[in-house]
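Here is the structure we will look at.
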């Protein structure tokens, strides 16, 4: 291995507090609603690209496991935005979190890939260009190019969307409760498409989610933590309700998820102010004030094992 031909990059995952759920354009990954996310320091992907003139095809390793042609082709399509068609590489990615378990591994994965490719092939693409290319792999990855708070704002009438950082005047943190590390049965892109096509409340979701995003922008600037948390929860629950109104219906949440939500509601009544959100998976993310995250983490240890809890602060990352 010639280390002189290896370039490495790191990117952090983001967790949406206003969810991205539904595409207007499947190819360009143009969303039907704006979304807002927090970039977390404990969840990240480290990716390396090895350029080798002797290769006849690309190879992709995820967590040291060689991926099949289908998974490798997704990576190759992104690399083609940076390289000459004849150049083939070996890509190695390592996630700090379980993959495809609703913990946003794809957001950090594709963000790390475009950052690495930009350096490896000396492209000097702008942050906005990298964000656009990353979203072609995974929509939410466009937000991981901005931190600690990002918005992916869509304009349905113009068929456009752009990600950029948001000002936030309140110090936030998250605790992730990992209830299931297994790969989910319904991948996010498949579940999203199914809901767009069949859910009887999907139009309600799109309208409400866009309104929620506009409200959240204001709340993040006024330090109203209670309103932020309550809006995040309503948005999350409506997103998951779309799956129950699909045909056939399905759910990413399980009995452990629902038991966890009841526990969160109970400890909140006891004075532990924290709010939940869930992506396309059963695991629960809790939003806390940074000043109270250790207190809430200690309270969670009364019910959950330390191995199932990840305390994460927001990250300031300069990717240039």
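The values are calculated or read from the model by the stated rules, or taken from the named source; none is laboratory data. Predicted model only: the values in this text are computed from it and were never measured. Backbone-built Cβ (ideal geometry, glycine too); neighbour counts: all protein chains shown.
The residues in segment 156-167 that are modelled with pLDDT under 85 and on the phi < 0 side of the Ramachandran plot can be counted, and the count is 3. For segment 222-240, residues that are exposed (fewer than 15 other Cβ atoms within 10 Å of the Cβ) and either farther than 17 Å from residue 289 by Cα or under 22 Å from the mean Cα position of the chain (by Cα) (or both) total 3.
Restricting attention to segment 310-320, which residues are modelled with pLDDT of 95 or more and touching a helix residue (DSSP H, G or I) at 6+ places or on another chain (Cβ under 6 Å)? Listed by number, the list holds a single entry, 311.
Scanning segment 162-185 for residues that are in contact with a helix residue (DSSP H, G or I) (Cβ under 8 Å, 6 or more places away or on another chain) and either free of Cβ contacts under 8 Å to residues at least 12 places away in the same chain or closer than 30 Å to residue 247 by Cα (or both) returns 177, 178, 179, 180. As a summary of the residue check, residue 189 satisfies the conditions (1) at pLDDT below 95; (2) surrounded by 15 or more Cβ atoms within 10 Å (Cβ to Cβ); (3) at negative phi; (4) assigned to a loop (DSSP other than H, G, I, E, B) except for the one numbered (4). The numbered conditions (1) in the same structural domain as residue 286 (by TED's automatic domain parsing); (2) under 16 Å from the mean Cα position of the chain (by Cα) are all true for residue 133 except (1).
Please indicate, with yes or no, whether at least one residue in segment 52-62 is in contact with a strand residue (DSSP E or B) (Cβ under 7 Å, 6 or more places away or on another chain) and closer than 30 Å to residue 215 by Cβ. No: segment 52-62 contains no residue that is in contact with a strand residue (DSSP E or B) (Cβ under 7 Å, 6 or more places away or on another chain) and closer than 30 Å to residue 215 by Cβ.
For residue 293, the conditions (1) closer than 30 Å to residue 195 by Cα; (2) buried (at least 21 other Cβ atoms within 10 Å of the Cβ); (3) in contact (Cβ under 8 Å) with a residue 60 or more places away in the chain all hold with the exception of (1).
No other residue among 131, 48, 108 is touching a strand residue (DSSP E or B) at 6+ places or on another chain (Cβ under 6 Å), closer than 19 Å to residue 182 by Cα and in contact (Cβ under 8 Å) with a residue 24 or more places away in the chain apart from 108. The requirement of being under 25 Å from residue 48 (Cα atoms) and in the same structural domain as residue 242 (by TED's automatic domain parsing) is fulfilled somewhere in segment 174-181, by at least one residue.
Step by step: first the residues of segment 216-230, then only those that are touching a helix residue (DSSP H, G or I) at 6+ places or on another chain (Cβ under 6 Å) and free of Cβ contacts under 8 Å to residues at least 60 places away in the same chain, then the one that is nearest to residue 273 (Cα to Cα). Which residue is that? Within segment 216-230, the match that is nearest to residue 273 (Cα to Cα) is 227. Counting the residues of segment 246-272 that are under 24 Å from the mean Cα position of the chain (by Cα) and either assigned to a loop (DSSP other than H, G, I, E, B) or not assigned by TED's automatic domain parsing to the domain that holds residue 184 (or both) gives 7. Scanning segment 31-64 for residues that are in a strand (DSSP E or B), modelled with pLDDT under 95 and surrounded by fewer than 17 Cβ atoms within 10 Å (Cβ to Cβ) returns a single hit, 42.
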